[in-house]
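All remarks here apply to the structure that follows.
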Amino acid sequence: MNRPFLHAAVSVVPALALASLLGGCMNNFSPPWLVERTRIVAARVSVDADDTLAWPSPGDAVHVDWVVLTPAAPEPVAATFIACAPLPGSRGGPACIPGSLVVLPPRAPGVEPLVTALTVPGVEALSGATSLLVVGAVCAGGGTPAIMGPSLTTPPECEGGSEPRTADLVTLSIPLVTDPALANRHPSVREEDWTLDGQPWAAFEGDLPYENCAARTPDASLPRLTITVDRKPVVTIGWSEDDRETYTTVTGDPPAPVTRDEVLQYSHFTTAGKLSRANSAIDDTVASGAPATVDWTFPLAEDVPPEGLLVRMSAVVRDGRGGVDRAERAVCVVR
């Protein structure tokens, strides 16, 4: 079935990003694939009645799974969120149609997954809007953000933490559809096959051994690799043809409907070492079944303790129209 083109986007504005930019310290920016601090990198919007659906309709109950990456064991995350009908043509940041803003229940500090539940307003309450705007303030590692004020571009302080800190702002635009036949479904990466260094690499079940990973017997869910100079293990991630849905968009001069297949966009992350690229794409030029691949460079030997270093690699896949999925794998690195 052909589906019209819509797009969902999430952006995260770290509190220190502007200060760092103004200070001219461009060399201090970490590569995008390196997880050095707790941060939100994506959001998966799912309809409660069918969590494979990425596009809700007015009146649907939905939940937003925020993809939170951490450099080590999870640390407490607190958040406050608002939702509203976006003001058309607003400049200088997100803004709401007057009277449409709703304050969502706050999230107290905790290490459980960050999930926001809400119900999309009805057609009349949306005032003609074709999308829903969600803006949040997130504090990781201590403190609770104040409720968002009238300005959706000014991050509040993290209150009650051990040290002064400003919250990160997250902004999510959720496209809405009124015709249930125009469904967009999430792609899948958690169910696909992964390999590391040519061997099957399974998802880890249970609590990860963040300390002393070398004490655990290696298996497919927690392989053990010894640092080898000048060798770069290859990570592969499979995909399925049904992840790439067909949709219709209008393009050209004069504008005309065109049928296309989705492009799967992979974002790669690691907690240690180096990746050869931050992004991969699966499009019409990629042979069917050919996996997404990325080379990984071992961390420095001096950064690996005698009991081993647990390294986690994550992949977030987007279909470019609001569909999102993520998966993670773990490896124990020894000297």
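The values are calculated or read from the model by the stated rules, or taken from the named source; none is laboratory data. Predicted model only: the values in this text are computed from it and were never measured. For neighbour counting, all protein chains shown are included, and Cβ atoms are generated from backbone atoms with ideal geometry for every residue, glycine included.
General remarks:
- Residue within region 148-161 that is outside the structural domain of Arg326 (by TED's automatic domain parsing) and within 30 Å of Lys274 (Cβ to Cβ) present: no
- Gly273 vs. criteria modelled with pLDDT under 95, over 19 Å from the mean Cα position of the chain (by Cα) and of a type outside the set (D, E, K, R): no
- Verdict on Thr285 being over 14 Å from the mean Cα position of the chain (by Cα) and in a loop (DSSP other than H, G, I, E, B): yes
- Restricted to region 97-140, and to residues there that are touching a Cys at 6+ places or on another chain (Cβ under 7 Å) and free of Cβ contacts under 8 Å to residues at least 40 places away in the same chain, the residue that is surrounded by the fewest Cβ atoms within 10 Å (Cβ to Cβ) is Val102.
- Of the residues in region 152-170, at least one is at pLDDT below 95, more than 23 Å from the chain's Cα centre (by Cα) and not in a loop (DSSP other than H, G, I, E, B).
- Options Ala203, Ala214, Ala167: the member that is in contact (Cβ under 8 Å) with a residue 12 or more places away in the chain and assigned by TED's automatic domain parsing to the domain that holds Asp48: Ala167
- Qualifying residue in region 134-146 (condition: closer than 19 Å to Pro58 by Cα, in contact with a Leu (Cβ under 6 Å, 6 or more places away or on another chain) and β-branched (Val, Ile, Thr)): yes
- Test: residue in region 222-233 that is touching a Phe, Trp or Tyr at 6+ places or on another chain (Cβ under 8 Å) and in a strand (DSSP E or B): yes
Condition check ((1) farther than 30 Å from Ser30 by Cα; (2) assigned by TED's automatic domain parsing to the domain that holds Pro31; (3) not in a loop (DSSP other than H, G, I, E, B)) across all residues:
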{"site": "Pro71", "(1), (2), (3)": "no, yes, no"}
{"site": "Phe81", "(1), (2), (3)": "no, yes, yes"}
{"site": "Arg91", "(1), (2), (3)": "no, yes, no"}
{"site": "Ser100", "(1), (2), (3)": "yes, yes, no"}
{"site": "Pro105", "(1), (2), (3)": "yes, yes, no"}
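- Residue ID - nearest to Met313 (Cα to Cα), chosen from residues in region 248-263 that are within 23 Å of the chain's Cα centre (by Cα) and either assigned to a strand (DSSP E or B) or β-branched (Val, Ile, Thr) (or both): Val263
- Counting the residues of region 173-187 that are modelled with pLDDT of 90 or more and either touching a Gly at 6+ places or on another chain (Cβ under 8 Å) or farther than 27 Å from Glu157 by Cβ (or both) gives 8.
- Top-ranked residue of region 119-136 - restricted to ones that are among the small types (Gly, Ala, Ser) and assigned to a strand (DSSP E or B), ranked as farthest from Leu87 (Cα to Cα): Gly136
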